[in-house]
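Here is the structure we will look at.
A short reminder: the numbers here are calculations on the coordinates, not readings from a lab. These figures come from a predicted structure and were not determined experimentally. Virtual Cβ from ideal backbone geometry, glycine too; neighbours counted across all protein chains shown.
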Amino acid sequence: MFRSLGIMGLASALLLVAACASTTPPAATIRSSALTAPADLQLLCASEAATRLSVAASGVLPIASRPGAAGGTFEVDVKLPSGQALCVIDDKGTIVSVAKVS
Amino acid sequence: MSGISRRRMLELSGAGLAAAMLGAGEAQAQAVYSQIYDAKRKTWIDYDPKRAMQYYKAYGSVPEEFKRQTVSFRTAEKPGTIIIDGDRHFLYLVRPEFQAIRYGIGVGRDGFGWAGIVKVGRMVEWPTWTPPAEMIARDPRNAQWANGMPGGPENPLGARAMYLYEGGKDTIYRIHGTAEPWSIGLNISSGCIRLNNDDVTDLYARVAVGTKVIVLMSGAALYRGV
């Protein structure tokens, strides 16, 4: 009798574990289909482009981004009031370069 | 209109068309969407509405990444500014000391995404939803609400709405709640930014009319020619 009670207890415990496991969402499950620069880095680029190119900060906006050629960097396309700039920033938030491209 | 293909222009209507007309995206079109890791197959798969619904049904919530959380955020923007990363499906509310509250969002589907700098012009609790004519044309079931659907749990705008204005005019875009909480993380709307009702209620309590809103989205039409 004690043995069957033990088996029943073990089975109940296993069921509980299984139930918990089936409802626990896996961690770190989401990514974007394309790697873009984090929003804060994009905006740092826009702000720096406005400063270096002497345009109003209210008139600039990041419009696209992608990983840079050098590891740990991103390239950010910045729309200016007139034309566009390319900003390169590293993942620590340091501006590598800013250049007007059109 | 450079940068927007004829096909895309034909797909645009309502909010999307308004965006394109006002800003003519010069960026290359690049639809970015969410993917989820399939541990069984050991591969990344598209996080589409069907999978999003399955996930929500299985776990009773959206994936952890889309839940409200405080994160580091290096920015010169003032605390209280809202920054939307449409590619990664995050809305940031800038806080002091280089921090932000991050919320998961749903954004405009292909052809309906946009980017720009706008402001919160009006705020409403349990808003009435009135589908624009273009939305009724796309789905005649919406005709019953042509004069407005009262606020409530079934209302597509959810518990709160922040109406986005530019130059003192309504853009017709909103940050709002949703009756479809599983849809966070998807490109699914007609250009509005949706949060689940708990999150939009939290955000609503932290912002005011006049709040600056910066919307980033790769390759999207610019709402204004910034």
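Step by step: first the residues of the stretch B:87-99, then only those that are among the hydrophobic types (A, V, I, L, M, F, W, C) and within 11 Å of chain A (Cβ to nearest Cβ), then the one that is surrounded by the fewest Cβ atoms within 10 Å (Cβ to Cβ). Which residue is that?
B:F98
Scan B:I117, B:I84 and give me the residue that is at the interface with another protein chain (Cβ under 10 Å from one of its Cβ atoms), part of a strand (DSSP E or B) and within 30 Å of B:A146 (Cβ to Cβ).
Of B:I117, B:I84, the one residue that is at the interface with another protein chain (Cβ under 10 Å from one of its Cβ atoms), part of a strand (DSSP E or B) and within 30 Å of B:A146 (Cβ to Cβ) is B:I84.
Please enumerate the residues belonging to the stretch A:52-74 that are away from chain B (no Cβ under 12 Å) and not hydrophobic (A, V, I, L, M, F, W, C).
Selection gives A:R52, A:S54, A:P67, A:G68, A:G71, A:G72, A:T73.
Exactly one condition in (1) within 12 Å of another protein chain (Cβ to nearest Cβ); (2) basic (K, R); (3) within 14 Å of B:Y33 (Cβ to Cβ) is false for B:R102; which is it?
If we test B:R102 against (1) within 12 Å of another protein chain (Cβ to nearest Cβ); (2) basic (K, R); (3) within 14 Å of B:Y33 (Cβ to Cβ), just (3) comes out false.
Quickly run through the stretch B:63-74 and pick out the residues that are touching a strand residue (DSSP E or B) at 6+ places or on another chain (Cβ under 6 Å), surrounded by 15 or more Cβ atoms within 10 Å (Cβ to Cβ) and either free of Cβ contacts under 8 Å to residues at least 24 places away in the same chain or more than 8 Å from chain A (Cβ to nearest Cβ) (or both).
If the condition is that a residue be touching a strand residue (DSSP E or B) at 6+ places or on another chain (Cβ under 6 Å), surrounded by 15 or more Cβ atoms within 10 Å (Cβ to Cβ) and either free of Cβ contacts under 8 Å to residues at least 24 places away in the same chain or more than 8 Å from chain A (Cβ to nearest Cβ) (or both), then B:R68 is the only one that fits.
Checking the condition in a loop (DSSP other than H, G, I, E, B), more than 12 Å from chain A (Cβ to nearest Cβ), under 25 Å from A:I63 (Cβ atoms) and in contact (Cβ under 8 Å) with a residue 40 or more places away in the chain, which residue from B:G185, B:G219, B:G191 passes?
B:G191
Quick one: how many residues across the stretch A:39-51 are crowded, with 23+ Cβ neighbours inside 10 Å and more than 7 Å from chain B (Cβ to nearest Cβ)?
Summing the residues that are crowded, with 23+ Cβ neighbours inside 10 Å and more than 7 Å from chain B (Cβ to nearest Cβ) in the stretch A:39-51 gives 4.
May I ask you to list the residues in the stretch B:140-167 that are among the polar types (S, T, N, Q) and either in a loop (DSSP other than H, G, I, E, B) or in contact with a strand residue (DSSP E or B) (Cβ under 8 Å, 6 or more places away or on another chain) (or both)?
Passing the criteria: B:N147, B:N155.
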